[in-house]
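In what follows, a single structure is set out as structure tokens and then discussed.
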């Protein structure tokens, strides 16, 4: 972490623009169903309050595609934040319009203003310099604490850093510490578990991790592409036929690097894609034509678990089965349970794997759960993240 944080800059009494990641799920009534990302921003906000700053918060929510849509308003977030901080959070009616600029100009030390959804302007995703400058003009310092959006070069995640001294908040600092240490200096054995639907989403990550890990386990939908690459039938399972040569070359690379590549040895299959479908477990070489693989089987759970029990550092990105359906969540839940019990640094790479760990009620037993699915994947891949590159170096 060679980037400056809020602790490395004189903040007292300053007006500070903070980019947060308040992209939280809501139900039909606009009730927030999971406030994890809001809670994750609190340490930075409280630190700024302690330093008597006037705080301007901004974030995106959903994909309104550059126009105002009331269902994507950050109003519910302002309400939730006020409750969590036990302090009124003033809501602006717009982002860089008259209401926001007036409220920002009149903001006093110790007060908090939340701007409306930055993605109501297409200039945000275009990283338009004019728009970035209007945002920057409201404040004296910029703090990026939105790790979940750090892989996007948008106006509020990277553009504003051209006009203001830019540092990271505590959340980005924490993300870089855990993910960075795991990659640069892991305690070994170092094991990675990759799941999810497609090999194509994870090519770069698999390739990059094969340079670093001792063991790589593959589960989820992408395992069937590896089965097919070895000449076995996969029935109706998810399979990327255009990625078979790639799967072969990754298996070859693992062999050449001396990395243990563990693929499922059995799989739980279903007749059709629905929660109560008929199911059974078969060897990975015996998937019948009309069936579809939805989870890892008992023997694979045992094999993966035994391997994990010897690990000292584990990174997990992507569920190993269709965990949304209870009968196919056993593999993913079993992995989560083992990780909650072992004596190792356990890092969950955001997105669906984080949701699965929370669903199993084991989030407090993990060393670190990343708030950014896409960002953590790109970081593990060794890509530079625009929202971090733009911050001042120490």
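The values are calculated or read from the model by the stated rules, or taken from the named source; none is laboratory data. Note that the structure is predicted; figures quoted are calculated from it, not measured. Here the Cβ is made from the backbone with ideal geometry for all residues, glycine too, and neighbour counts use every protein chain on show.
Some values worked out for this structure:
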{"item": "Candidate set: the range 335-362, residues that are assigned to a loop (DSSP other than H, G, I, E, B) and within 14 Å of residue 195 (Cβ to Cβ); chosen: the one modelled with the lowest pLDDT", "result": "350"}
{"item": "Selection within the range 258-277 - surrounded by 11 or more Cβ atoms within 10 Å (Cβ to Cβ) and either more than 28 Å from the chain's Cα centre (by Cα) or in a loop (DSSP other than H, G, I, E, B) (or both)", "result": "259, 263, 264, 265, 266, 269, 270, 271, 272, 273, 275, 277"}
{"item": "Every pair of residues 6+ apart whose Cβ atoms lie under 8 Å, when the first sits in the range 178-196 and is free of Cβ contacts under 8 Å to residues at least 24 places away in the same chain and not assigned by TED's automatic domain parsing to the domain that holds residue 237 while the second is surrounded by fewer than 22 Cβ atoms within 10 Å (Cβ to Cβ) and in a helix (DSSP H, G or I)", "result": "none"}
{"item": "All helices (runs of 4 or more DSSP H) inside the range 158-247 with 2 or more residues being in contact with a strand residue (DSSP E or B) (Cβ under 7 Å, 6 or more places away or on another chain) and within 30 Å of residue 144 (Cβ to Cβ)", "result": "170-184, 203-209"}
